[in-house]
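Peer 1: Before I ask anything, here is the structure I am working with.
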Amino acid sequence: MRQLWVILLLMVVCSQGEKKDDPRFMFRCFLFPGKLKQVDAWQGKVYGIDLDNLPNRLVGKCWSPLDGQMKHITVGPAGVWATDLKNNIYNLEEDNWVQIPGTLQQVDAGGTGFLTGVKSCHRAFCADISVSSKQNLGWTLIPGKLQYYSCGPQTCWGVGEAGEVYVQTGVHAGDCAGKFGMVETKVPMAKVEVGSNGAVFALSSSGVPYQRVGISEERPLGTGWVRLHGLEAIRSLSYDRYILWLVNYTGQIRRCIKVIRK
Ligand SMILES: *[C@@H]1O[C@H](CO)[C@@H](O)[C@H](O)[C@H]1NC(C)=O
């Protein structure tokens, strides 16, 4: 009898929780030293752009500035890439920025064997990468008018002109564009970021962070958005290995650890 009560109680907690939150997990956040405008993490490597537009790399607990003045930085299987204030594209090779022909406003290195980015007029592109092709990337246009585009191991997620959310599934080197899809969103999104394990997080146009839940092999688009509560407006986020990095509008950094809810 007592066991039955426990089971019933657990079911209530789970079904209530499911509507607004993933009942099993939560993020515990701690302020982190430094100030940034943008952050990106992949497999324990963390890069960011500080308030003076200097690209930085996290070494231990300290930010270590790199050369140049950049607008957006990304780290992933494709290496470390950045775009500067004039939208020039750079790849970090042995701590030196090497300029790559072309322009991008935002770049993402989260894809395996390819690079993606957004150019002017809301056009997103992807390009396969090999050592020989870096100076001569062949760009493929992604469908939809996208203002932000981010990739993980098998999917790329994009945000359209009006905050709608697009997904390209089955992406890989050789077919970096993949197959077109869309997911519903009640609030317009500004950014969607895919983590190194394929987890998906979004920021609404007013800076509210969301996680896409229900993502699996069978359902790569997931089943819904869950709002992350208790946070002020967030400007930039990145998820990697159970750590969610958040940057708010004054540049304050939070390092949030995914923990099992007690
Ligand atoms: C950013 O976070 C810091 C530390 O919690 C806080 O003092 C500041 O008001 C926040 N800024 C904004 C714009 O929310």
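The values are calculated or read from the model by the stated rules, or taken from the named source; none is laboratory data. Predicted model, so just to flag it, every value in this text is computed and none were measured. Ideal geometry is used to build each Cβ from the backbone, glycine not excepted, and the neighbour counts take in all protein chains shown. What goes into the accessible areas is simple: the full protein's heavy atoms, side chains included, and nothing from ligands, DNA or RNA. Shrake-Rupley method; radii C 1.70, N 1.55, O 1.52, S 1.80 Å.
For (1) over 14 Å from the mean Cα position of the chain (by Cα); (2) basic (Lys, Arg); (3) farther than 23 Å from Asn197 by Cβ; (4) open to solvent by 30 Å² or more (accessible area, probe 1.4 Å), each residue gets a yes or a no:
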residue	(1), (2), (3), (4)
Gly44	yes, no, no, yes
Tyr47	no, no, no, no
Pro65	yes, no, yes, yes
Gln69	yes, no, yes, yes
Thr74	no, no, no, no
Ala82	yes, no, yes, no
Thr103	yes, no, yes, yes
Phe114	yes, no, no, no
Gly117	no, no, no, no
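Peer 1: Same structure, new question: Hey, among the residues in region 213-247 that are free of Cβ contacts under 8 Å to residues at least 40 places away in the same chain and open to solvent by less than 30 Å² (accessible area, probe 1.4 Å), which one's farthest from the ligand (Cβ to nearest atom)?
Peer 2: Of everything passing the filter in region 213-247, Gly222 is farthest from the ligand (Cβ to nearest atom).
Peer 1: Every residue in region 248-262 that is more than 13 Å from the ligand (Cβ to nearest atom), among the basic types (Lys, Arg) and assigned to a strand (DSSP E or B), please.
Peer 2: The one that is more than 13 Å from the ligand (Cβ to nearest atom), among the basic types (Lys, Arg) and assigned to a strand (DSSP E or B): Lys258.
Peer 1: Shifting gears a bit: Could you list, in sequence order, all residues of region 42-87 that are in contact (Cβ under 8 Å) with a residue 24 or more places away in the chain, within 20 Å of Arg241 (Cα to Cα) and charged (D, E, K, R)?
Peer 2: Residues satisfying the conditions are Lys45, Lys61.
Peer 1: Looking at the structure I just gave you, is Gly117 assigned to a strand (DSSP E or B) and within 16 Å of the ligand (Cβ to nearest atom)?
Peer 2: Considered against the rule, which asks whether it is assigned to a strand (DSSP E or B) and within 16 Å of the ligand (Cβ to nearest atom), Gly117 comes out as no.
Peer 1: Let me ask something else. Could you count how many residues in region 248-262 are under 15 Å from Arg24 (Cα atoms) and buried (at least 20 other Cβ atoms within 10 Å of the Cβ)?
Peer 2: Here the count works out to 0.
Peer 1: Oh, and also: Answer yes or no: is there a residue in region 148-157 that is open to solvent by less than 30 Å² (accessible area, probe 1.4 Å) and polar (S, T, N, Q).
Peer 2: Yes, some residue in region 148-157 is open to solvent by less than 30 Å² (accessible area, probe 1.4 Å) and polar (S, T, N, Q).
Peer 1: Mind telling me which of the residues Ser206, Ser196 ends up being open to solvent by less than 40 Å² (accessible area, probe 1.4 Å) and in a loop (DSSP other than H, G, I, E, B)?
Peer 2: Just a single option satisfies the conditions, and that option is Ser196.
Peer 1: While we're on this one: With respect to Gly181, determine if the residue is more than 16 Å from the chain's Cα centre (by Cα) and surrounded by 14 or more Cβ atoms within 10 Å (Cβ to Cβ).
Peer 2: Yes, satisfied.
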